[in-house]
Amino acid sequence: TGFYRVQPEEQGVVVVFGKWSDTTQPGLHYNWPSPIGQIYKPRVTRINRVEVGVRSATEGRSRSNASTNVSEESQMLTGDENIVDIGFIVQWRIKDAGQYLFKIRDPQGTVKVAAESAMREVIGQTPIQMALTEGRSQIETQTSELMQRMLDSYESGIYILKIEMQRTDPPAQVVDAFNDVQRAKADRERLGNEAEAYRND
């Protein structure tokens, strides 16, 4: 009864007298029979998702692409003291099953809190214009690296695969004013180019 098999998508976490003693890889193994020994076999290849600042409307019978904004998570202060609304998804998997099971109490909650904290830190050092336009991939990379360092310091046994920013917008209350400012900047640039062309002629 002490023999057990770990499947290719799993890691075996060996517990003896209630204490984590070893982590085994796929294959056939032996441990003390129950009740002395126990085996946990979490799936380490499964990709998990955490949504921050947005909730996908996938409940019910009809799955749609609609999503709900969660303002207390999504509103963040940028480096130039503007507010931006950000929704993003974190994809992660188990890296070390033993740490995952015994070092943290709430893995999903831990990932969510770390993601929100890391994104706020990165956005807090980024100007709003960069966050809204060409800086998105850089923000995703920096946030992912910062999150991984945090989770490694917690010995969480979690590996961050990817961060996907779903949207980056000014807050809904000021979006019209923000768009007016952007249009004014575009008009200023256009008029400057026209004046430059006139001078060249």
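The values are calculated or read from the model by the stated rules, or taken from the named source; none is laboratory data. Every value quoted in this text rests on a predicted model; they were computed, and no experiment measured them. Glycine gets a Cβ as well: all are built from the backbone with ideal geometry, and neighbour counts include every protein chain shown. SASA here: full protein model, heavy atoms, side chains in, ligands and nucleic acids out. Shrake-Rupley method; radii C 1.70, N 1.55, O 1.52, S 1.80 Å.
Note on Leu191: accessible area is roughly 90 Å² with a 1.4 Å probe, heavy atoms of protein only. Over the stretch 1-41, the hull volume per residue, using the convex hull of the C-alpha atoms, is 49 Å³. The label-point distance for Tyr198 and Glu164, in a model that sets each label 7 Å from Cα toward Cβ, rounds to 4.9 nm.
Percent of alpha carbon pairs in the stretch 62-145 separated by more than 16 Å?
Working: 2061 of 3486 pairs.
Tail of the P(r) past 16 Å holds 59 percent of the pairs.
Which of Lys19/Lys112; Lys95/Lys162; Lys112/Lys162; Lys41/Lys103 have a Cα-Cα distance over 20 Å? Over 20 Å apart, Cα to Cα: Lys19/Lys112.
Amide H contacts for Thr23 (H built 1.01 Å from N in the peptide plane; partners 5 or more residues away or on another chain; cut-off under 5 Å): Val14. Across Pro35, Pro171, Pro26, mean-square fluctuation computed from a Gaussian network of the chain (C-alpha pairs under 10 Å connected) peaks at Pro35. For the stretch 88-100, the Karplus equation 6.51 cos²θ - 1.76 cosθ + 1.60, evaluated at θ = phi - 60°, returns couplings of 8, 10, 10, 10, 8, 9, 7, 9, 10, 5, x, 4, 4 Hz by residue, with Gly and Pro reported as x.
Less than 5 angstrom separates the built amide H of Gln166 from those of Gly87, Phe88, Ile89, all sequence-distant by 5 or more or on a different chain. Expressed as a whole percent, the proportion of Cα-Cα pairs in the chain lying more than 25 Å apart is 54%. Decide, for the stretch 86-131, between rounded, prolate and oblate: order the square roots of the alpha carbon gyration tensor eigenvalues as a ≥ b ≥ c, take rounded if a/c falls under 1.5, and otherwise choose prolate if a/b is larger than b/c, else oblate. It comes out prolate by the Cα gyration axes. Within the stretch 149-194, all pairs of alpha-carbon atoms sorted by distance into 10 Å bins from zero give the percentages 20, 22, 19, 18, 15, 5. With each label modelled as a point 7 angstrom along the Cα→C-beta vector, the Lys112-Ala184 pair spans 4.0 nm.
Note on the stretch 90-201: Cα Rg divided by 2.2 N^0.38 Å, N the number of residues, gives 1.57. In the context of the full protein assembly, Ser56 retains an accessible surface of approximately 40 Å², using a probe radius of 1.4 Å and ignoring ligands and nucleic acids. Solvent-accessible surface of protein heavy atoms, probed at 1.4 angstrom with all chains present, puts Thr23, Thr141 in the order Thr141, Thr23, largest first. Calculated mean residue ellipticity, 222 nm, the chain: -12000 deg cm²/dmol, from DSSP H runs (n ≥ 4) at -39500 (n - 2.57) each, averaged per residue and rounded to 500.
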